[in-house]
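Notes to accompany the following structure.
The values are calculated or read from the model by the stated rules, or taken from the named source; none is laboratory data. Here the structure is a predicted model, which is why all the values come from computation and not from measurement. So basically every Cβ, Gly included, is an ideal-geometry build from the backbone, and we count neighbours across all protein chains shown. The area values use the complete protein model at the heavy-atom level, side chains included, leaving out ligands, DNA and RNA. Shrake-Rupley method; radii C 1.70, N 1.55, O 1.52, S 1.80 Å.
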Amino acid sequence: MTQFRVRGEKDRIFSKGVKAEIVYVIISKGIPLFRTEGVGDISTISVVINKENYELPVILPEKIQAKLRRVMLEKLRDEYAKFDDEFKKKILDTAKNLGYKRTGDGWNCYIAPPQERKSSTDIGMCGYCPSCTILGNITDDSMMNDINTAYGIKSRVAHDIAFSLVEYKKAIMELTHNKVADGVSYTGQSLYSELHIAPGVVFIGKSTAYDLTKNEFEVVLDALASITRLGGGETKYGSVETRILSVKFSEKETISSYDIMREIVGKHKGEMMDPEDYVREVSDILKGKGFTDYSYQVNYKEAWEDSLDYAGKIREFINIVENKTGGKEKKKGKSSGGEE
């Protein structure tokens, strides 16, 4: 079975069902706030296991994806700064020749939602870096020259909900905070309470990578394993450890974070335990399901080459859809067997 896609494949932007399942744990080290919006609400899900009801704190997939992108961009910027001028020029010239606009004085991709509704995409995203091509973007005329509509570049990494293995009542603690005035030490009416995840709570998560090259896959692993802060107020409260347990390559997804959570919670009833005990038990489950360790050392230059190749395939597809060749319009008319 093929584990990875290969740079240069003509049909690389079309899925061949090449999947890699990544199972990991997130262990709270501080007092994180895993919530959607608002003060005092921790995201939870109710489940029934062996006819018993459990309410479990969760980390939602969009939160994991957003943090993964930010950490990946941090690493890409750090590595880009180490590239020699010749390789940096190659990146920018290739992207510019493909019609991407954000090639300026140097590459920098960042997340900045537009302030005006007429802007349909993030104003800082470039569209051609590994973050954009692996985790997706909206490519429109603000990002690429000479295109007539917006194209959704789908993320090739999907995430399960990350479930706590500890029940809500045992995993949550309420803490009172205060804001102290500057100059004179008093708190006035600034006391407020927050619900936090207790230190040592283990969350089980799973992500699946689709149709990635070896270099792209290792960029994802490197970023995922480097998530050390997560949730609301992460600069104060969100210390975590993200530990990748094992990986499995297959033609279909074989397990979910929900499956693993059910087995562990069903056995231990959502009790607070030593995190390492939970990690060992999850690892044993995965070994029995054909998951293995995966060692890697990311080659960021090669990852950039793969990304630019993928961006080139996107441009080729856009040219076909919009009846263009090399970015220049052909004669107007219907293409055979399709729409205008």
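Annotations for the structure displayed:
- Residues located in the range 263-275, provided they are within 22 Å of E241 (Cα to Cα) and touching a strand residue (DSSP E or B) at 6+ places or on another chain (Cβ under 9 Å): I264, V265, G270, M273, P275
- Qualifying residue in the range 53-65 (condition: open to solvent by 70 Å² or more (accessible area, probe 1.4 Å) and hydroxyl-bearing (S, T, Y)): no
- Contacts under 7 angstrom Cβ, first residue in the range 80-96 being under 23 Å from N145 (Cα atoms) and free of Cβ contacts under 8 Å to residues at least 60 places away in the same chain, partner outside any helix (DSSP H, G or I) and open to solvent by 20 Å² or more (accessible area, probe 1.4 Å), 6 or more apart: K88/G106
- Neighbours by Cβ (under 8 Å, 6+ apart or cross-chain): first from the range 56-70, under 15 Å from V202 (Cα atoms) and of a type outside the set (F, W, Y); second in a helix (DSSP H, G or I) and open to solvent by 30 Å² or more (accessible area, probe 1.4 Å): L56/Y168; P57/Y168
- Residue check for E263: open to solvent by 20 Å² or more (accessible area, probe 1.4 Å), more than 26 Å from D41 (Cα to Cα) and in contact with a Ser or Thr (Cβ under 6 Å, 6 or more places away or on another chain): no
- Screening Y296 against (1) assigned to a loop (DSSP other than H, G, I, E, B); (2) modelled with pLDDT of 95 or more leaves a single unmet condition, (2).
- Scanning the range 137-150 for residues being farther than 19 Å from M72 by Cβ, surrounded by 17 or more Cβ atoms within 10 Å (Cβ to Cβ) and in contact (Cβ under 8 Å) with a residue 24 or more places away in the chain gives a total of 3.
Conditions (1) open to solvent by 30 Å² or more (accessible area, probe 1.4 Å); (2) out of contact with any Lys or Arg (no Cβ under 7 Å at 6 or more places or on another chain); (3) outside any loop (DSSP other than H, G, I, E, B); (4) more than 29 Å from K90 (Cα to Cα), marked per residue:
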site: M272; (1), (2), (3), (4): yes, no, no, yes
site: R280; (1), (2), (3), (4): yes, yes, yes, yes
site: K301; (1), (2), (3), (4): yes, yes, yes, no
site: E305; (1), (2), (3), (4): yes, no, yes, no
site: G312; (1), (2), (3), (4): no, yes, yes, no
